[in-house]
Amino acid sequence: MNFYAQRYLDGLDGAFIKEKEESPEKSAEKLPEKLLTNLPQNKKRQVIPARTSRSERIYLVTGGSGFIGSWIVRYLLLRGETNVVILDSRQPPTDLTKHGAQFRKLNIADKEQLNEAVLSELSTSPYEDIVVYHCAAVVKYHHADDRSFQSAVSDYNIKLAQSIIDTFSMNDSIKVPVALINFSDLIAYKHSVSWWKFWDHATWLQYMPDNINELRPTTFISNYARSKYEATELLHEVGRDTSSSFSVSTLIPGNFVSGHLGDTLLSPVIYYGGGLLHNWSIPFNLIHVEDVAQAALCLENRLTSTEISSRELVQGQKFVIANEANVTTTAYIYSKIRSLRPFKTVRNSPALVWGVSWLAYLVLHMYQRISGSRLMTTSKRLDSLLSGTPVTYTPSRFNTLQVAQLINGSDVARAQMVLQYSPLYTVDDIVESLVDEHKFQLDKKGQIY
């Protein structure tokens, strides 16, 4: 697999375009000094596109308490926006509400609750338009092959999309334009694994097409992947109506998002001081969550532009956002962490993990069939891909890590050109940021590694 990673790196295109609507000095004046004091200093952080906030616009962030959603909110606040509302069933990080974001606790999949919350917010001021960042989702890698859980995941993610549509697109009470920025997952465009040809490299190596908008998967690597694909298509089907004031664009981060504590890939191994390693040479792309937030703001700038030609470039389109240079492996990430702090690696043979995954899945499936109940737990370790408990050893989790999905460079370049942004953070930046942030938290508590 190292051969494939090197071949991918050799074909990278380094042409980036960065938008500059205002001078860096003017942009820097807008940053609330105390918003990010609970994090180590970050010299690369900037808000693009830099522009004056609009008091006549309201921002609604579904899933704003989650990892990506919370950073969307932070970047809106950093830009100086004053009408930012978090819609989520979980409490958001305290720094968001402390510095101006409003919070409404609700079940977003319940269209009556969502409709009531939105109309209540709109009644407070005569807003001229609405921007919705749809970050809410049920993300479960380990339960994807569990038939007793299958419909729950799929139904909920699709219900989220349908609730958004019913509230913003089919609601006569909302008479202002709505711009929806949807977040999907690149795993939704992975093909299912052919277990009959597990020895074939083509089974474990997948290439993205030249344009992700043309990709129509017929098989999926997990039920979660299927649900994300179907939810996105549902939103885009409604957004294709050019006569409607409801416009939609989708961002697809590739492949994994990290950079701060709270992600499901690297944060658990940082907290636990160790991780599983069976996919040591499988190449994948890593993108910083702040790069994702910057790309989202750039997409918003296009989607809400007063110029029709600018809006048409992004409306109804899907964009893969990635740092093309950030192709890495789990082995490299672990070695980088080990150079910065104590770290243990549990290295296993892929074949052994594959066998244990199927055995654990069958045992769990039989238990649920016999008992008639599903094993439930609130442990965050179940959401982890690289550090978990035996119940997380399922074929879907194994496939998620073991299948290499190489991003098409032309698709990434297209997104950067159209959105006019370029990613700032390298793999080393991402890992160092996580380690520094964890150390920062320990220092505040008077603890050491």
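The values are calculated or read from the model by the stated rules, or taken from the named source; none is laboratory data. Since we're looking at a predicted model, the values are computed, not measured. With ideal geometry, Cβ positions are generated from the backbone for all residues, glycine too; neighbour counts draw on all protein chains shown.
Data for the structure
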quantity	calculated
Those residues of the range 394-424 which are in contact with a His (Cβ under 8 Å, 6 or more places away or on another chain), buried (at least 21 other Cβ atoms within 10 Å of the Cβ), of a type outside the set (Ser, Thr, Tyr) and not in a helix (DSSP H, G or I), in sequence order	Pro423
Filtered residues of the range 196-223 (kept if in contact (Cβ under 8 Å) with a residue 60 or more places away in the chain, farther than 21 Å from Asn279 by Cα and not in a loop (DSSP other than H, G, I, E, B))	Ile212, Asn213, Asn223
Yes/no for Ser173 being more than 20 Å from the chain's Cα centre (by Cα), farther than 28 Å from Met417 by Cβ and in contact (Cβ under 8 Å) with a residue 60 or more places away in the chain	no
Near pairs, Cβ below 6 angstrom, 6+ apart or cross-chain, from the range 85-99 (buried (at least 21 other Cβ atoms within 10 Å of the Cβ)) to any residue that is of a type in the set (Lys, Arg)	Leu87/Arg104
Within the range 65-105, considering residues that are aliphatic (A, V, I, L, M) and part of a helix (DSSP H, G or I), the one nearest to Ala296 (Cα to Cα)	Ile72
In the range 64-81, the residues that are over 23 Å from Asn157 (Cα atoms) and either of a type in the set (A, V, I, L, M) or touching a Gly at 6+ places or on another chain (Cβ under 6 Å) (or both)	Leu76, Leu77, Leu78
Residue tally, condition charged (D, E, K, R) and surrounded by 22 or more Cβ atoms within 10 Å (Cβ to Cβ), over the range 228-262	1
Residue in the range 306-325 that is over 19 Å from the mean Cα position of the chain (by Cα), surrounded by fewer than 22 Cβ atoms within 10 Å (Cβ to Cβ), of a type in the set (Val, Ile, Thr) and modelled with pLDDT of 85 or more present	yes
Tally of residues being farther than 19 Å from Tyr271 by Cα and surrounded by fewer than 18 Cβ atoms within 10 Å (Cβ to Cβ) across the range 425-449	1
Test: Ser339 is free of Cβ contacts under 8 Å to residues at least 24 places away in the same chain, under 30 Å from Glu128 (Cβ atoms) and polar (S, T, N, Q)	no
Set Ile108, Ile130: member being in a strand (DSSP E or B) and at pLDDT 95 or above	Ile130
Residue within the range 354-365 that is within 29 Å of Tyr207 (Cα to Cα), within 23 Å of the chain's Cα centre (by Cα) and either in a loop (DSSP other than H, G, I, E, B) or at pLDDT 80 or above (or both) present	no
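Okay, residues lined up against (1) closer than 15 Å to His134 by Cα; (2) modelled with pLDDT under 90:
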position	(1), (2)
Glu25	no, yes
Pro32	no, yes
Arg54	no, yes
Arg57	no, no
Ile72	yes, no
Asp95	no, no
